[in-house]
């Protein structure tokens, strides 16, 4: 699975296959940052970090149903 983002702030979770890319999930960043989004998404410690302008967004991407 790959987290991808376009210049307009759309974030996608993609399952790449040899035949195609399958978008599993997607969302848009909140309004507020200026200009295009160039920074790459980063995953660390169960969180997805995304920088846009002066903003840093952190999303919990752990599975709440998984055993500790």
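Read-outs throughout are calculated quantities, based only on the coordinates presented, and are distinct from any laboratory measurement. Since the model is a prediction, treat every value here as computed from it, not as a measurement. Every residue, glycine among them, receives a Cβ derived from its backbone with ideal geometry; neighbour counts consider all protein chains shown.
Based only on Cα atoms, what mean projected area does the convex hull of the chain have, in nm²? Write down the numbers at each step before the final one.
Numbers: hull surface 22.3 nm².
The Cα convex hull of the chain, projected and averaged over all directions, gives 5.6 nm².
How do the peptides 29-39, 46-56 rank, highest first, by the average count of neighbouring beta carbon atoms within 10 Å per residue?
Numbers: 29-39: 11.7, 46-56: 13.9.
Ranking the peptides 29-39, 46-56 by packing returns 46-56, 29-39.
Which order do 65, 8 fall in if you start with the one that has the fewest other Cβ atoms within 10 Å? Don't jump to the answer; show the numbers that get you there.
Details: 65 5, 8 9.
Placing the least packed residue first, the sequence is 65, 8.
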